[in-house]
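Chemist: Sharing a structure here in structure tokens format.
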Amino acid sequence: VTSEEVVNAFIERIKEVNPILNALVQERFEDARKEARDIDTFISTSGKTVKELEEEKPLLGVPFTVKDFYGVKGLKHTCGMWGRRENVAEEDAECVRLMKEAGAICLGVTNVPEFCMWWETHNTIYGRTNCPYDVNRIAGGSSGGEGSLQSACGTPLSIGSDIAGSIRFPSFFNGVFGHKPTSDVVSNKGAEPNLIGLHNSLSVTGPICKYVDDISLMYRVLAGKNLGLLSLDKKVDLKNINIYYMENDGGDPLLPRVNPEITFAQRKILKHFEDEFKISPVKVNFKQLVDARKIYFAKLFSEKEAHSYAFEYGNRKNLLGDNGVFIYPTQPKNDIYHNGTLFCYFVIIYTGIWNLLGVPSIQCPLGLGSNRLPLGVQVIGNKYQDHLCLAVAKEIEKTFGGWVNPSKVSTDSES
């Protein structure tokens, strides 16, 4: 198969699904086709072996998309803000540059909420993005365009950002994998708004994909010069890891109860690791986790009376160490209708607290609930232990199936 054939296939798929989902908002299809043809010519004339090409350009000829938080040279860069509706990026964001340097081909940019600061994707420039499993439901945010298009097979590789769950929310609602890397590993350069200080560390650039192997491949590219901080090549023996878990936040009265089907799915994971690897998962009670809402927002807005977050886990280095993971719901609810986020805003704390701690977290899909919408949990590790999160996610994918094609769900429901 040629790169041009692959690029054309994804362009045709986008044209098929985007009128329904409203996920892609700026395209560069003709440029992408030309780049694909150039790559095909290079491959056929370079004289390089497949191994050499893989080492030099690991994403050679593979399409990708990126949320409208990052600049793509020549395309509008709005961040969903009306006042920036005519703004055009003059250069590529660092994450886009790294992907192109690895040989990938950008197809366009995807929709975001205004200022990328809400967890339903809607703005006054491009409108609202829909979930491919049910267009009446949210696609999440702020990387909702990426999550929706990824799940609907409109792109093989997606770049998102995450300041409180903006990678993991859309991945959860759209039934795909989304990894929030350890803070400060992947560059945010070229993002808009331009984040500084604590906010730049809270916000993390990372991959959204249907498959864990693609997450790992993208992460190696996006990490750039900081790849050496990670241990992505380290082989993980799952028999030697420690698993800790909680089934809910501990009882914040402003948060909804966790859907019992999410709890049941989480318990199936724990039972699998117990049976298959003779691990005894430990249920923990982080008493201060119930205050995560207050802690996160105090930090976000730099209140002087911000809670300290030693948080028993704050001996997290002693608890998780270099071989432990924490399994926790990504979201308590999987069935939110459009505009329903107004009534359950604070559920972002299920993901946001891990941004505050700077630790890696990967959202893992766990099939569909009885409402035919995705279920999922997140796997959290210690700083720079992203390889543990990815290894556990890979085992979850292998055992429980991972992403479920929404087109098949729609077809089954009609028959």
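Chemist: I'd like the residue in region 183-220 that is assigned to a loop (DSSP other than H, G, I, E, B) and among the acidic types (Asp, Glu) and, out of all such residues, is farthest from Ser231 (Cα to Cα).
Modeler: Once the filter is applied, the top-ranked residue is Glu192.
Chemist: A further question follows. For region 1-20, enumerate the residues that are within 25 Å of Asp134 (Cβ to Cβ) and touching a Gly at 6+ places or on another chain (Cβ under 8 Å).
Modeler: Listed by number, the residues that qualify are Phe10, Arg13, Ile14, Val17, Asn18.
Chemist: Any idea how many residues of region 15-29 are part of a helix (DSSP H, G or I) and either in contact with a Ser or Thr (Cβ under 7 Å, 6 or more places away or on another chain) or within 18 Å of Val96 (Cβ to Cβ) (or both)?
Modeler: 2
Chemist: I've got another one for you. If you go through region 309-326 one residue at a time, do you hit one that is modelled with pLDDT of 75 or more, closer than 28 Å to Asn174 by Cβ, of a type outside the set (A, V, I, L, M) and not in a loop (DSSP other than H, G, I, E, B)?
Modeler: yes
Residue by residue, here is whether (1) in contact with a helix residue (DSSP H, G or I) (Cβ under 8 Å, 6 or more places away or on another chain); (2) surrounded by 22 or more Cβ atoms within 10 Å (Cβ to Cβ) holds:
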site: Val1; (1), (2): no, no
site: Glu4; (1), (2): yes, no
site: Val7; (1), (2): yes, yes
site: Thr49; (1), (2): no, no
site: Leu53; (1), (2): yes, no
site: Leu59; (1), (2): yes, yes
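Chemist: Go through (1) under 21 Å from the mean Cα position of the chain (by Cα); (2) part of a helix (DSSP H, G or I); (3) closer than 23 Å to Leu320 by Cα; (4) in contact (Cβ under 8 Å) with a residue 12 or more places away in the chain one by one and return the number of the condition Leu227 breaks.
Modeler: Here Leu227 meets the rest and fails (4).
Chemist: Test Ser370 against the criterion of being outside any strand (DSSP E or B), surrounded by fewer than 18 Cβ atoms within 10 Å (Cβ to Cβ), modelled with pLDDT of 95 or more and outside the structural domain of Asn130 (by TED's automatic domain parsing), and give yes or no.
Modeler: It is true that Ser370 is outside any strand (DSSP E or B), surrounded by fewer than 18 Cβ atoms within 10 Å (Cβ to Cβ), modelled with pLDDT of 95 or more and outside the structural domain of Asn130 (by TED's automatic domain parsing).
Chemist: What about Leu254, is it at pLDDT below 90 and either surrounded by 13 or more Cβ atoms within 10 Å (Cβ to Cβ) or on the phi < 0 side of the Ramachandran plot (or both)?
Modeler: For Leu254, the condition - at pLDDT below 90 and either surrounded by 13 or more Cβ atoms within 10 Å (Cβ to Cβ) or on the phi < 0 side of the Ramachandran plot (or both) - is met.
Chemist: Hey, which of the strands (runs of 3 or more DSSP E) in region 97-182, taking only ones fully inside, have at least 2 residues that are touching a residue at least 24 places away in the same chain (Cβ under 8 Å), surrounded by fewer than 24 Cβ atoms within 10 Å (Cβ to Cβ) and in the same structural domain as Phe69 (by TED's automatic domain parsing)?
Modeler: On the way: elements: 105-110, 134-138, 158-162, 177-180.
Answer list for region 97-182: 134-138.
The values are calculated or read from the model by the stated rules, or taken from the named source; none is laboratory data. All of these numbers come straight from a predicted model, not from anything done at the bench. Neighbour counts are summed over all protein chains in view; Cβ atoms, including those assigned to glycine, are modelled from backbone coordinates with ideal geometry.
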